[in-house]
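See below for the structure under consideration.
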Amino acid sequence: MVKPFPQSPDPQTKEIDVEVRGEARAMFAAILLLIAGVLNVIYGIAAISNGDFFNHQTAYVVFGLGFWGWVTLIIGLVQLTGGWSLFSGGVYGRTIGIIGASIGAVESLLSIGGSYPFWSLGIFALCLIVLHGLIVYGEPIQR
């Protein structure tokens with residue numbers, strides 16, 4: 001059986017509110033993570049459908065276009081769940097957000113050699129901004 005913590009008998013005792021740095025930045029990172037997730041889901045669905053959007057004489061070193069489409073779709077779904085749960089402010093959202101943004105950044109760097117390298121660099125920059133916002137979040141403000 002779990003015992004509750006004893007209450008202080010002194011009614012003058014106040015709880016100290018700790019101000020946390022980066023709450024707004026974490027919400028901004030959640031929105032950016034949702035945007036990156038939506039873009040990766042669209043990017044993955046387009047690659048799975050074998051559209052001519054990606055086939056500009058591109059040779060894939062490892063596997064094919066369909067495999068990378070599924071990888072991108074799964075990464076996008078992880079990013080969507082991380083961004084959605086960041087709105088509640090839980091540790092799960094922050095952890096999944098960091099993992100999803102890290103994998104998304106690596107995946108976008110791996111696709112720079114494709115048909116649209118600047119699109120991949122844009123997704124990479126978006127993932128880096130999300131990573132910065134999530135890693136900085138949670139530090140107490142020093143006065």
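Of note:
- Listed peptides 86-92, 109-115, 26-32 by packing density, highest first (mean Cβ within 10 Å): 26-32, 109-115, 86-92
- Neighbour-count order for T81, T72, T95, fewest beta carbons within 10 angstrom listed first: T95, T81, T72
- Vicinal HN-Hα couplings computed from phi for region 102-119 (Karplus, 6.51 cos²θ - 1.76 cosθ + 1.60; Hz; Gly/Pro x): 5, 5, x, 5, 5, 5, 6, 5, 5, 9, 5, x, x, 6, 10, x, 6, 5
- Net charge in the neighbourhood of L33 (other residues with Cβ under 13 Å of its Cβ; Lys, Arg +1, Asp, Glu -1) is +2.
Each reported figure results from applying straightforward, stated rules to the coordinates on display, with no laboratory input. Being a predicted model, the structure only gives us computed values, none of them experimental. For neighbour counting, all protein chains shown are included, and Cβ atoms are generated from backbone atoms with ideal geometry for every residue, glycine included.
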